[in-house]
Structure formats: structure tokens, C-alpha cells
1. Report the semi-axes of the equivalent ellipsoid for the range 9-163 in whole Å, largest first, where each axis is √(5λ) for an eigenvalue λ of the Cα gyration tensor.
2. Let me know the Kirkwood hydrodynamic radius for the chain, please, with Cα pairs as the basis and the value in Å to one decimal.
3. So what are the range 141-295's ellipsoid semi-axes, whole angstrom, largest first, if each one is the square root of 5 times an eigenvalue of the alpha-carbon gyration tensor?
4. Rounded to the nearest 0.05, what FRET efficiency is calculated for ALA175 and ALA70 with R0 set to 30 Å and r the Cβ-Cβ distance?
5. Please name which of PHE259, LEU230, THR319 has its Cα lying farthest along the dipole of the range 219-331 towards the positive end, using unit charges on Cβ (Lys, Arg +1; Asp, Glu -1) and the Cα centre as origin.
6. Could you run the Karplus curve 6.51 cos²θ - 1.76 cosθ + 1.60 with θ = phi - 60° over the range 49-56 and give me ³J(HN,Hα) per residue in whole Hz, x for Gly and Pro?
7. When N counts the residues of the range 223-278, how does its alpha-carbon radius of gyration compare numerically with 2.2 N^0.38 Å, as a ratio?
8. Report ³J(HN,Hα) in whole Hz for each residue of the range 130-145, in order, from the Karplus equation J = 6.51 cos²θ - 1.76 cosθ + 1.60 where θ = phi - 60°; Gly and Pro get x.
Amino acid sequence: MFRFATAALFALATAGAAYAQQKTITFSHLANPSHEAALYAIKKGIVSSDKIKVEVTPLDIAALQQAIAARTFDVVEGAAMAIPRANARGLPLEIIGIAQRSHEEGLGSSVWVKADSPIQNIADLTGKKLGGYTLSSAGMTLNRIALNQAYGLNVSTKGGDLTFVELPESALAAALAAGNVDASVLIHAQAYQAMKSGEFRAIAQLGRDMTDKFGLRLVTSVLVGYGDKLEADPESYREFLRMFRESVDYALSHQDEVFTAVGKEQNIDPEFFTLWFNKFTTIPVYISQNDLDAIDMLWTQATALGVLNVPHGTALEATWDGAIFDGVEGK
């Protein structure tokens, strides 16, 4: 009996010590209902780890950019262009995964006008005001590249064919409804509401235009970490990537459960998630050859537009060696 009690106490002590030694990985992501669905299994403890705990914080685009510079979190969802910009400032930022890869249909990057607007196509935007979120973000840069490469517009912020009006993401739909801008891109939840309400109509799907132009599914955001932290504890970061990918997989394989629960939490129709994951964007986490090629294209085109004005190598060179790759040449 004594030996059994001693063994039991030892097992409890060992388990407690292991739990105490768990590392916490802090992760900040774009404040979007879709991400709440993708992280549902982690938050509910369905996907877990005996090695790490994951703490998540949603932020808007501007706050994410500030968080990267301040090293506030271990992993941050950010624009791919953040990497060469950060490295130029001496910040050892590396790509560790893919946060958002656009769908071929490009519904997540449509240009919207009011239903009764005389604007019928992109050519009609000449001389008009186009609302958008942070101009330095990858998403808005990709929209500008599409307007330039697919439609031939001069997208310079000074003396271009149209005027870009930078607004907080939450204000985009309201600005368009009020007539403060002639057209606007919308964040995904707003685009879903626009499709349902009929208040606005889309005149172009820029993501699909870019896929047709370059043969690539666009990468609109990446997961980034800091080189010194990654080198110090690569196992914890690979565990984070495993958990994130498994959480996304759980959401996709348990859509009724996850989409209903998160829809209630976020006060949005569960149909939004079905549309988002099948028509708007995916959250692959793991890196494919398409992703590296899409980031290279972004950096090249952004440099040509003058948006990216710092030296950079290739996306593969900027990617952490410990990332999880899916059919990538050279890895």
C-alpha cells in the first residue's frame, strides 16, 4: 500500500511539474469572425498539447503592425511585406506559416459600389474615390496591383487615376453607404452582409483577376515569428503550427458544431463561415510552393509600385527552416 501511494504521489508530482513547464505561445491574429472559427478547437481545448499553451488576441490591421514592431507577441499574423521592412530595421522577422490564402473566386477582395451607383466597371473608377483599409497592408497592396496589372490603372497615391481614401476597417461600409467614397473594398464580414442585403453590388473580384493574371492564389497574410525566439525553442513553435492546423481542420470537419457556436458568439449567420472557407479564403498554416511564388510576386510588384522600397531576397530565404512545408522545392 505504501509503495502504491508513493508511486501515485510521484506520478501526480511529475504531471504537475510537466504542466508547470508548459510554455505559453502568445499569438495575435486579425480580428475577423472566420479566425474565431479557425481557432475554436484550441480555445475549447479540443486541440491541445502537453508541451505548450496558446493564448490568442485579435487585433485590427494597424494594431497588428504595431505589435510586430514592438515584439508584443510570439507569433503575429501580418502582411508579407512586413518581413523585408522589419529586416531592414534590424528586426529578425521570419515567415513561419501562411495565415490567409485567397480562394480562386476572389470574393474576399471585391470592389463594391452602392446598388444604384452609375459606376458599372473598374474603368468607371477613373477620377473617383476608392475606400480601403491600411494602404501599407498586403491586402490593399494586392488590390492596387490588380487595378494596375489587370485593368491598367495608374494606382499612384499622388496623381493617379483614382484617389485612395484610407479608413478604419470598421468604417468602410458606412463610408460607402454615406457617399463619402464612390467605391470601396470591404472586410469579409461586411462583404458577406453586402451580398445578403443587396445594398451594395460588386463591380470586380480582384482576387480572381490576380489569379487569372499570375496563375497564383494570393497570400494576403502570413504567420511571423522572431529569429532569436525561433532558434531558442523551435519545438514549441512547430507545436504551435501543428495545433493551429489541426484546429482549422477540426472546424472544417465539424462545420455544424463550430460555425453554429461561433456564429452565436460573434452574432453572425453561420452561413458566413461556410461561404468564407469555401469562396473567400483558406487558412492553410503550412506553406506550399504557390505561397512562396505568390509572396515573391507580391514583393516584385510592390517594389515596382514603390510600395516596398527596401532590399529583399526570395520568400524561401525569408522563411524559417523549421516551418512545415507542403511540396516546396528546395525544402
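The values are calculated or read from the model by the stated rules, or taken from the named source; none is laboratory data. Quantities reported herein were computed from a predicted structural model and do not represent experimental measurements. Because the Cβ atoms are built from the backbone with ideal geometry, glycine has one as well, and the counts that use them run over all protein chains shown. Please note that ligands, DNA and RNA were not included when accessible areas were found on the heavy atoms of the full protein model with its side chains. Shrake-Rupley method; radii C 1.70, N 1.55, O 1.52, S 1.80 Å.
1. 42, 19, 11
2. About 21.0 Å, per the Kirkwood formula over Cα pairs.
3. 30, 24, 15
4. Efficiency computed from Cβ-Cβ geometry: 0.55.
5. The one lying farthest along the dipole's positive direction is PHE259.
6. 8, 8, 9, 9, 10, 10, 10, 10
7. Cα Rg divided by the expected 2.2 N^0.38 Å: 1.51.
8. Result, ordered by residue: 10, x, x, 8, 3, 5, 7, 6, 5, x, 5, 5, 5, 4, 5, 4 Hz.
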